[in-house]
Amino acid sequence: MADGRVRQLIDTVAWVRIEDGRILCARPRGKDVFYIPGGKREGGETDLQTLLREIEEELTVALLPETAAHVGTYEASHGPADGAVVRMSCYTADYRGTLAASSEIEEVAWFCYADRALVPPVDQLLFDDLVDAGLLR
């Protein structure tokens, strides 16, 4: 960065679940922002390991690893104050079980493109691609 600060990279993996033209989003406890479900990589985890762990922790379902498909990787500023950049590797996958908010999640919701302003900048990039592809209404 021009001011001498080192750019921090926040490396995340997210599950893109679209049904009826809407995308699944979750709001963690204590937060006022919705996110695409997923989270940060721990240690030497692969994208798939991170995805499977995070979705089970957040939404109490088991993703089917053999159905996982990469749909894109996005990067955007986390916020102007801290200079951090979020990298979000996004995957679709089928699941088994019943979607339910875990103790980590306050609320789940199905968003359309009109809800774009309710998610962080990196998620907004995904919304843009999905609407361009005709997948998000």
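The values are calculated or read from the model by the stated rules, or taken from the named source; none is laboratory data. Keep in mind the model is a prediction, meaning the values are calculated, not measured. Cβ placement follows ideal geometry from the backbone for every residue including glycine, while neighbour counts extend to all protein chains displayed. Each accessible area value is taken on the protein alone, full model and side chains, heavy atoms only, with ligands, DNA and RNA left out. Shrake-Rupley method; radii C 1.70, N 1.55, O 1.52, S 1.80 Å.
Quick notes on this structure:
- Flag for Leu135 being open to solvent by 60 Å² or more (accessible area, probe 1.4 Å), in a loop (DSSP other than H, G, I, E, B) and among the aliphatic types (A, V, I, L, M): yes
- Condition met for Val61 (in contact with a Gly (Cβ under 7 Å, 6 or more places away or on another chain) and either open to solvent by 60 Å² or more (accessible area, probe 1.4 Å) or farther than 23 Å from Arg7 by Cα (or both)): yes
- Matching residues in the range 41-51 - criterion: being of a type outside the set (Ser, Thr, Tyr), surrounded by fewer than 22 Cβ atoms within 10 Å (Cβ to Cβ) and modelled with pLDDT of 95 or more: Glu45, Asp47, Leu48, Gln49
Condition check ((1) within 20 Å of Arg27 (Cβ to Cβ); (2) surrounded by 15 or more Cβ atoms within 10 Å (Cβ to Cβ); (3) touching a residue at least 60 places away in the same chain (Cβ under 8 Å)) across all residues:
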site	(1), (2), (3)
Pro65	no, no, no
Val86	yes, yes, yes
Ser89	no, yes, yes
Asp94	no, no, no
Ala100	yes, no, no
Glu107	yes, no, yes
Phe111	yes, yes, yes
Ala117	yes, no, no
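- Members of the range 93-108 that are in contact with a helix residue (DSSP H, G or I) (Cβ under 8 Å, 6 or more places away or on another chain) and of a type outside the set (D, E, K, R): Ala93, Tyr95, Leu99, Ala100, Ala101, Ser102, Ile105, Val108
- Residue that is over 17 Å from Thr12 (Cα atoms), touching a Phe, Trp or Tyr at 6+ places or on another chain (Cβ under 9 Å) and crowded, with 16+ Cβ neighbours inside 10 Å, where the choices are Arg27, Arg22: Arg22
- Identity of the residue in the range 67-84, of a type outside the set (Val, Ile, Thr) and over 18 Å from Leu130 (Cβ atoms), that ends up most open to solvent (accessible area, probe 1.4 Å): Pro80
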